[in-house]
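To start, the structure under review is shown below, and the notes come after it.
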Amino acid sequence: MATQLEEWEKFAKNNLKIETIFVPTIKTALKKQYSSFIDDLKTLGIDYATQQMQFYPWNSDMIPVLRKIYKRAGLLGAVTSYRELLNDTKDTKYRGFGFNQEWVDQVLEYLQIHILNKAVIPISETTKKFILLTIENAVNEGRGIDWIVNRITDNEILEARARTIARTETIRAANTGHMIGARKFPYEVTKGW
């Protein structure tokens, strides 16, 4: 039987693999959100671009990538949780259980219900705040539009933001899957997250 530390290390390792897969796609979605702002900024100025940003409540390009993260990490979480519980019991009646479409459907249902208000809108709002803070700093420091564009599209900042999103959503999905897997276990569990 694995120790709690070993379980956490395995959880972190699995999540890191998933995060790494999705960082490039998240970066692309962020770049699309930035590009519409940058186009407005370059052609019509700071005031117009800032006002237009309010008409885009969320980044719709983020939805498909989050669905993929939830499907992959959620199913892994459900299967992992179920197997850990099986290993803690002597009952062999439920052994050999692997892929389960019902679990995938439950993870995706959770995502469908919560994707906008728990993920997409907060991600989009944080992105908008970053843009507004960048503009504020540029104005206070007397910098121009080129500086704003360079700052917003800085690859290190974009990479860090994409990794943060990937990590947050992978963990959310894995934890959702863990809860689903534990609920499907035929015995009462006291497992906590």
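Just so you know, all these numbers are worked out from the coordinates, no wet-lab data involved. Predicted, not measured: the structure shown is a model, and the values here were computed from it. Here the Cβ positions follow ideal geometry from the backbone for every residue, glycine too, while neighbour counts run over all protein chains shown.
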Derived scalar couplings ³J(HN,Hα) [segment 13-21; Karplus, 6.51 cos²θ - 1.76 cosθ + 1.60; whole Hz; x for Gly, Pro]: 5, 4, 5, 4, 4, 5, 3, 4, 4
Using the Karplus curve 6.51 cos²θ - 1.76 cosθ + 1.60 with θ = phi - 60°, work out ³J(HN,Hα) for each residue of segment 75-82 in order, rounded to whole Hz, and write x for Gly and Pro. 5, 4, x, 5, 5, 4, 4, 4
Listed pairs 27/118; 10/118; 31/71; 10/31; 42/129; 13/118 exceeding 30 Å between Cα atoms: 10/31
For residue 130 and residue 44, compute 0.36 nm times the residue count separating them, minus their Cα-Cα distance, and round to one decimal in nm. 29.0 nm
Simple spin-label model, 7 Å along Cα-to-Cβ: residue 141 to residue 68 in nm? 3.4 nm
Could you compute the net charge surrounding residue 6? Neighbours are other residues with a C-beta less than 11 Å from the C-beta of residue 6; K and R count +1, D and E count -1. -1
